[in-house]
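The structure appears right after this line, and notes come after that.
The values are calculated or read from the model by the stated rules, or taken from the named source; none is laboratory data. Worth saying up front: this structure is predicted, and the values here are computed from it rather than measured. When we count neighbours, we look across all protein chains shown, and the Cβ atoms used for this are built from the backbone with ideal geometry, even at glycine.
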Amino acid sequence: MENKRGLFIVIEGVDGSGKTTQANLLAEYLRSKGRTIHHTAEPTATGLGGMVRDGLGGEHPRTREELAAMFAADRVQHNVSPKNGIIKYLSEGTDVVCDRYYYSSLAYQGVDGAIEWVANMNLGCPVITKPDICIFLDMDPEKCHEHIRAGRTHFEIYEENAAMIAETRRRYGIVFEMLKDRENIAIIDSTGTIEEVFEQIKTEIDKLL
Ligand code: TYD
């Protein structure tokens, strides 16, 4: 029986850039092609992911280094879990669509000289699978902030204002420049309608099918 490895697709973007909407459309599109999809996200919904969220929500304030290590531990578990891990799904031929991955760690925690450490911890880890493609939804920070305001009642530490979002976007730029020779990264201009943005994503994904 043929058992082709599934595709591993990561959707990245600053808060409010529409990752979940586009990831849902992508999952639907891949299913329409007869493929089996596992849609997942980081931080995960496991105990470790919950600890990370507590750290982000300000309930248990954490240093940036603690957060980087916790996100990495959550990511290891996300990969190796025998029940619902990324490695398991890919080996069964299921495509994995993941909202956020190590690019987020590099952009959010890889600051003040920490980027090499965060990169090594993630890209150098033998069980943290490298995605087939990272799709970055690039959107105007003011627009992202409007989306967040419209959809949320509380703010996490990284999404307080448009200036902070603009800074995160700048850091993603540094990350993608650093990784461009060893990773497949597609930067998608996300200023258009949901459908227009998805058309661009589809073009990138069709190249891999
Ligand atoms: P989440 O609440 O899932 O928001 P969104 O729907 O925008 O993805 O994301 C939680 C926050 O976690 C988000 O502000 C980015 C941050 N984050 C990191 O700082 N490092 C990481 O490695 C990951 C995966 C997320």
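Summary of values
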| item | result |
| --- | --- |
| Some residue of segment 129-137 being within 16 Å of the ligand (Cβ to nearest atom), under 19 Å from residue 9 (Cα atoms) and surrounded by fewer than 19 Cβ atoms within 10 Å (Cβ to Cβ) | yes |
| Residue 4 being near the ligand (Cβ under 10 Å from one of its atoms), of a type outside the set (S, T, N, Q) and in contact (Cβ under 8 Å) with a residue 40 or more places away in the chain | no |
| Selection status of residue 93, surrounded by fewer than 20 Cβ atoms within 10 Å (Cβ to Cβ), touching a Lys or Arg at 6+ places or on another chain (Cβ under 8 Å), among the small types (Gly, Ala, Ser) and on the phi > 0 side of the Ramachandran plot | yes |
| Hits in segment 46-60 (condition: among the aliphatic types (A, V, I, L, M) and in contact (Cβ under 8 Å) with a residue 60 or more places away in the chain) | 56 |
| Qualifying residue in segment 158-167 (condition: touching a strand residue (DSSP E or B) at 6+ places or on another chain (Cβ under 8 Å), at pLDDT below 95 and surrounded by 18 or more Cβ atoms within 10 Å (Cβ to Cβ)) | no |
| Yes/no for residue 166 being among the hydrophobic types (A, V, I, L, M, F, W, C), over 21 Å from residue 66 (Cα atoms) and over 16 Å from the mean Cα position of the chain (by Cα) | yes |
| Residue 63, sole failed condition from (1) among the β-branched types (Val, Ile, Thr); (2) surrounded by fewer than 17 Cβ atoms within 10 Å (Cβ to Cβ); (3) at pLDDT 95 or above | (3) |
| When residues of segment 80-109 are limited to those that are polar (S, T, N, Q) and within 15 Å of residue 38 (Cβ to Cβ), the one farthest from the ligand (Cβ to nearest atom) | 91 |
| Checking residue 172 against (1) of a type in the set (Phe, Trp, Tyr); (2) in contact with a strand residue (DSSP E or B) (Cβ under 9 Å, 6 or more places away or on another chain); (3) over 13 Å from residue 139 (Cβ atoms), the condition it does not meet | (3) |
| Meets criteria (surrounded by fewer than 18 Cβ atoms within 10 Å (Cβ to Cβ), closer than 20 Å to residue 14 by Cβ and in contact (Cβ under 8 Å) with a residue 40 or more places away in the chain) for residue 68 | no |
